[in-house]
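*Asks:* I am attaching a structure below and will ask some questions about it afterwards.
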Protein chains: 2
Amino acid sequence: MVSYQAIEPDQAVNENLKAKRMPQPAPEPLRPIRRNEIRQQNEQLILQAAEKVFAEAGFGGATMQLIADVAGLPKANLHYYFTTKEELYRKVVSNIFDIWLHAAESMDNAPGPVEGIGAYIDAKMEISRRHPDGSKVWASEVMHGAPVIQDYLETTLRDWTAGRVALIQGWIDAGQMAAVNPDHLLYMLWAATQHYADFGHQIETLNGGPLTDRQWAEAKDSVKAMILRGIGAA
Amino acid sequence: MVSYQAIEPDQAVNENLKAKRMPQPAPEPLRPIRRNEIRQQNEQLILQAAEKVFAEAGFGGATMQLIADVAGLPKANLHYYFTTKEELYRKVVSNIFDIWLHAAESMDNAPGPVEGIGAYIDAKMEISRRHPDGSKVWASEVMHGAPVIQDYLETTLRDWTAGRVALIQGWIDAGQMAAVNPDHLLYMLWAATQHYADFGHQIETLNGGPLTDRQWAEAKDSVKAMILRGIGAA
DNA sequence: CTGATAGCTGACCATACGGTCAGGAAAAGA
DNA sequence: TCTTTTCCTGACCGTATGGTCAGCTATCAG
């Protein structure tokens with residue numbers, strides 16, 4: 001079996017659990033544990049660990065035990081918050097989808113393609129840099145036929161896409177850019193930006209290490225320059 | 001657990017096995033079974049089934065039993081030809097890598113970027129169309145940190161990339177295209193073309209069905225037009 | 001024809017997995 | 001204080017998985 005690099009369970013440990021297991025010298029801990037917060041905090045902790053593990057191993061390769069170790073919680077505790085592995089996975093994917101949709105708003109209310117598509121590329125490149133795991137989970141899900149989020153594709157994404165296609169067509173009709181096929185332009189935008197997350201390991205290997213701030217800026221500029229020139233908007 | 005669509009085991013059945021299990025009316029079957037051929041044939045059969053299953057379920061989600069069913073062979077027979085799941089997977093990935101490298105030759109011996117990069121896009125789009133499973137397996141492997149083909153990335157791919165970067169730089173120096181960053185141009189080429197395989201399901205969903213011949217042609221033209229214009233070569 | 005060898009496979013095994021549950025601990029409410 | 005509710009978890013279970021192996025059959029060289 002392929003041995004994915006082991007993740008140190010102690011990398012992320014619930015601070016509250018730590019505190020609980022040792023005598024507390026202070027009569028009142030600085031952050032009193034309120035019930036409401038516990039649930040929110042642990043769910044977040046589990047979701048973060050799950051995103052990492054799902055991205056690294058895929059749905060089939062990920063194990064609840066490993067997610068639990070990364071989160072620093074007993075496995076049974078995961079099943080207390082998320083009944084099944086699929087329910088946890090579904091929540092992870094849906095979170096990512098929300099981030100994406102939110103970032104997509106940057107395209108609207110722009111006077112033209114240079115600003116609109118430029119801002120969209122900026123936003124998507126930033127997501128690739130800050131949420132590479134999320135991007136990978138999404139990519140993995142779609143590659144496997146979207147067994148879990150097919151309905152999202154057919155409703156939300158479809159509607160969003162139709163709206164942006166109309167937006168782009170409007171720019172074309174107004175002579176603000178070349179008459180490219182809007183669908184394929186969107187595909188290229190998604191592909192070019194998400195590539196830096198999904199294939200980040202390949203890029204880092206070729207680059208001889210993680211991209212520096214300067215290199216990320218150059219990546220962003222390169223993508224923007226090529227695409228904007230490619231659609232005759234620059 | 002996510003239920004990936006079941007694959008009908010009988011979709012691909014070894015014709016020789018079929019023949020063996022039923023009385024042969026003809027004294028000499030048209031294709032006599034030679035020992036040499038059996039090995040080659042079955043290995044090919046298993047590799048094809050494996051590529052399909054690995055692409056659909058990922059390494060962790062794929063099972064030897066399912067691969068065996070798709071290949072129409074008993075599971076134990078798989079282990080006769082490929083000792084471990086990882087060995088089989090490694091062979092699948094390495095086969096894909098070879099196809100990619102071979103297609104990459106289309107970029108060489110071109111008088112300029114229009115012909116060279118145009119031909120490369122053509123070749124890669126054709127691979128995305130004809131070998132989508134292979135592309136997905138590669139993507140999955142890289143996304144998971146390339147646990148199996150890291151050495152390929154560091155040697156073969158690195159060398160190939162360096163060569164093409166020099167080639168592109170030569171075109172830039174000769175004034176045949178704009179002064180784009182060659183590395184990021186390569187990333188965009190990979191991203192834009194492989195997207196049609198890796199995210200094929202998403203594209204098909206948005207498209208309301210598989211791309212037609214005409215739509216594939218338009219996709220190819222769109223990618224070529226945008227990129228070639230984007231690098232100032234058209 | 002005969003021994004040797006490659007191809008084949010049902011039955012089996014140890015392990016690891018997702019998920020369950022009884023029961024304890026801690027906080028909130030009364 | 002007592003009761004209720006939420007939180008927590010070690011131990012356990014049925015199942016499915018990757019892999020093995022003894023023993024069979026089919027081919028081939030001599």
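*Asks:* Residues of the range A:180-201 losing 50 Å² or more of accessible area relative to the isolated chain, 1.4 Å probe, heavy atoms only?
*Replies:* A:184, A:187, A:188, A:191, A:195, A:199, A:201
*Asks:* In Å², nearest 100, what accessible area do chains A and B bury in total when the solvent probe is 1.4 Å?
*Replies:* Details: alone 13860 and 13820 Å², together 22340 Å².
Protein heavy atoms only, the A-B interface buries about 5300 Å².
*Asks:* Another question, if that's okay. log₁₀ I(q)/I(0) of the protein assembly as shown at q = 0.08, 0.09, 0.12, 0.13 Å⁻¹, via Debye over equal Cα point scatterers, no solvent, to two decimals?
*Replies:* -0.54, -0.68, -1.11, -1.25
*Asks:* Further, regarding this structure: How would the range B:89-230 be classified by its alpha-carbon gyration tensor: rounded, prolate or oblate, with rounded meaning a/c under 1.5 and the a/b versus b/c comparison settling the rest? The partial results should precede the final answer.
*Replies:* Values: a/c = 2.03, a/b = 1.12, b/c = 1.82.
Oblate, since a/c reaches 1.5 and b/c is not below a/b.
*Asks:* Given the DSSP H assignment, sum -39500 (n - 2.57) over each helix run of at least 4 residues in chain A and divide by its residue total; what's the result at 222 nm in deg cm²/dmol, nearest 500? Please report the intermediate quantities before stating the final value.
*Replies:* Working: 11 runs with 158 residues, N = 234.
Result for chain A: -22000 deg cm²/dmol, rounded to the nearest 500.
*Asks:* Summing Lys, Arg as +1 and Asp, Glu as -1, what charge do residues with Cβ under 12 Å from the Cβ of residue A:171 carry, residue A:171 excluded?
*Replies:* Values: positive: A:164; negative: A:115, A:173.
So the environment of residue A:171 carries a net charge of -1.
*Asks:* If you don't mind, there's one more thing I want to ask. Rounded to the nearest 0.05, what FRET efficiency is calculated for residue B:234 and residue A:150 with R0 set to 30 Å and r the Cβ-Cβ distance?
*Replies:* Details: r = 38 Å, r/R0 = 1.27.
Plugging the Cβ-Cβ distance into 1/(1 + (r/R0)^6) gives 0.20.
*Asks:* Follow-up. If you take every residue apart from residue A:97 with its C-beta less than 12 Å away from the C-beta of residue A:97, what net charge results, scoring Lys and Arg +1 and Asp and Glu -1? Each step should come with its number before you reach the end.
*Replies:* On the way: positive: A:90, A:91; negative: A:98, A:141, A:151.
Surrounding charge for residue A:97 is -1.
*Asks:* May I ask which of A:220/B:136; A:91/A:220; A:52/A:220; A:85/B:136; B:136/B:220 have a Cα-Cα span longer than 21 Å here? Write down the numbers at each step before the final one.
*Replies:* Values: A:220/B:136 25 Å; A:91/A:220 30 Å; A:52/A:220 24 Å; A:85/B:136 24 Å; B:136/B:220 19 Å.
Table pairs above 21 Å Cα-Cα are A:220/B:136; A:91/A:220; A:52/A:220; A:85/B:136.
*Asks:* Roughly how crowded by other chains is peptide B:202-211, in terms of the mean Cβ count from those chains within 10 Å of each of its Cβ atoms?
*Replies:* Numbers: counts 13, 6, 1, 10, 10, 1, 2, 0, 0, 0.
Per residue, the average neighbour count from other chains is 4.
*Asks:* If each of residue B:215 and residue A:122 carries a label point 7 Å out from its Cα toward its Cβ, how far apart are those two points in nm?
*Replies:* Inter-label distance under the simple model: 3.4 nm.
*Asks:* Let me ask something additional. Taking a probe of 1.4 Å, how large is the accessible area per residue of chain B, in Å²?
*Replies:* Numbers: 11150 Å² over 234 residues.
Averaged over the residues of chain B, the accessible area is 48 Å².
*Asks:* Something else: I'd like the accessible area for residue A:102, computed on protein heavy atoms only with a 1.4 Å probe and all protein chains in place. Round to 10 Å², please.
*Replies:* So the heavy atoms of residue A:102 present about 130 Å² to solvent.
*Asks:* In the neighborhood of residue B:217, defined by Cβ-to-Cβ distances under 13 Å, what is the net charge if each Lys or Arg adds +1 and each Asp or Glu adds -1?
*Replies:* -1
*Asks:* May I pose another question? Of B:104, B:203, B:139, which is farthest along the charge dipole of the range B:89-230 in the positive direction, counting Lys and Arg as +1 and Asp and Glu as -1 at C-beta?
*Replies:* So the residue we want is B:203.
*Asks:* Residues of the range A:133-156 losing 50 Å² or more of accessible area relative to the isolated chain, 1.4 Å probe, heavy atoms only?
*Replies:* In the range A:133-156, residues shielded by partner chains: A:142, A:143, A:144.
*Asks:* Within the range B:31-61, list the residues whose amide N lies under 14 Å from a label point set 7 Å along Cα→Cβ of residue B:98.
*Replies:* B:40-41, B:43-45, B:47-48
*Asks:* Are there chymotrypsin sites (Phe, Trp or Tyr not before Pro) in the range A:125-160 that DSSP marks as loop and that have at most 11 other Cβ atoms within 10 Å, and which are they?
*Replies:* On the way: sites: A:138, A:152, A:160; in loops: none.
Answer in residue order: no site qualifies.
The values are calculated or read from the model by the stated rules, or taken from the named source; none is laboratory data. Here the structure is a predicted model, which means the values were calculated and not measured. Don't worry about glycine lacking a Cβ; one is built from the backbone with ideal geometry, like all the others, and counts go over all protein chains shown. For the accessible areas, the whole protein counts, side chains as well, though only heavy atoms, and no ligand, DNA or RNA atoms are used. Shrake-Rupley method; radii C 1.70, N 1.55, O 1.52, S 1.80 Å.
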